[in-house]
1. Highest first, please rank the peptides 14-20, 51-57 by the mean number of other Cβ atoms sitting within 10 Å of their residues.
2. Once label points are set 7 Å from the Cα along Cα→Cβ at both Thr198 and Asp60, what is their separation, rounded to one decimal in nm?
3. Cα-based Rg of the chain per 2.2 N^0.38 Å, rounded to two decimals?
4. When only the heavy atoms of the protein chains count and the probe is 1.4 Å, how do Glu9, Glu161 rank by accessible area, highest first?
5. Using a cut-off of 13 Å between beta-carbons, work out the net charge of the residues near Glu9 (Lys and Arg +1, Asp and Glu -1, Glu9 not included).
6. Divide by every residue of the chain the summed helix terms, -39500 (n - 2.57) for each DSSP H run of at least 4, and state the resulting mean residue ellipticity at 222 nm, rounded to the nearest 500 deg cm²/dmol.
7. Could you work out how far apart the two model spin labels at Arg175 and Leu160 are, taking each label as a point 7 Å from the Cα in the direction of the beta carbon, and quote it in nm?
8. Could you put Arg165, Arg175, Arg182 in order of accessible surface area, largest first, with the 1.4 Å probe and the full protein assembly present?
Amino acid sequence: MKGKFITIEGGEGAGKSTNLIFIRQYLKAAEKKVVLTREPGGTSVGEKIRDVLLDKKQIDISNDTELLMMFAARAQHIEHVILPALNAGDWVLCDRFTDATYAYQGGGRGIDNERIATLENWVQGTLRPDLTLLLDLPVEEGMKRANKRSEPDRFEQEKLEFFNRVRNAYLNMARTNTGRYRIVDASTSLENVQEQITQILDEFCVDNIL
Ligand code: T5A
């Protein structure tokens, strides 16, 4: 595989979408061809699955159904968008990926990590991100930002404890996968967040002799 796979993770309103645009600009300036995408979603089938998953009227989706829908969308996304781009040498920037499943369906809903790992291995084979940026900030601050921007979706209606479990699951993954994870303090000004991201990308690009 010639391209690089970068994912951005974090709780609600952490600034993922905002900073993905910034990362795209950084990479374009370094003359990389970039594919910007998101999960759940990224394909026409995946976006339909996303609509159902985020629809706050869908109150009776069971935890296993939610998990399987995430991976159904992901299977389509990998086959039709992510792998073709990486094989063509493009850099893929993805707003959330499987770490979100470990954080939300694992940490948040309480589904066993081994069950998630089975689906991960099945759907992804050996595909894993090369670099994951975790935008970390207190849950209350992220919810305030998200609520200012738009109406709460199905996930955003969960209680504070749910999002604290999600945050802890992300931080545990970051601390145990130091090779590909970088934690960004997302509670500060956008300017400061983007300085941290620039430093991480500078190091990543040097390590990858780019
Ligand atoms: N999900 C997803 C799962 O449960 N399992 C999975 O496997 C996957 C893939 C997807 C939902 O699906 C769940 C998780 C999610 O609940 P989403 O839209 O991708 O939903 O995720 P959200 O977190 O809901 O996305 P948001 O758009 O709310 O958050 P972002 O993208 O992190 O934040 P962003 O960039 O839109 O910023 C929010 C607001 O804050 C401002 C921005 O201008 C914007 O108004 N902002 C700042 N303000 C002050 N200081 C800063 N540093 C700021 N940075 C941004």
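The values are calculated or read from the model by the stated rules, or taken from the named source; none is laboratory data. What you see is a predicted model, and the numbers here were worked out from it, not measured in a lab. Every residue, glycine among them, receives a Cβ derived from its backbone with ideal geometry; neighbour counts consider all protein chains shown. All accessible areas refer to the heavy atoms of the entire protein, side chains included, with ligands and DNA or RNA removed. Shrake-Rupley method; radii C 1.70, N 1.55, O 1.52, S 1.80 Å.
1. Ranking the peptides 14-20, 51-57 by packing returns 14-20, 51-57.
2. The answer from the label model is 5.3 nm.
3. 0.97
4. Listed by decreasing accessible area, they come as Glu161, Glu9.
5. That sum, taken over residues with Cβ under 13 Å, equals +1.
6. Taken over the chain, the calculation gives -15500 deg cm²/dmol.
7. 2.2 nm
8. Arg175, Arg165, Arg182
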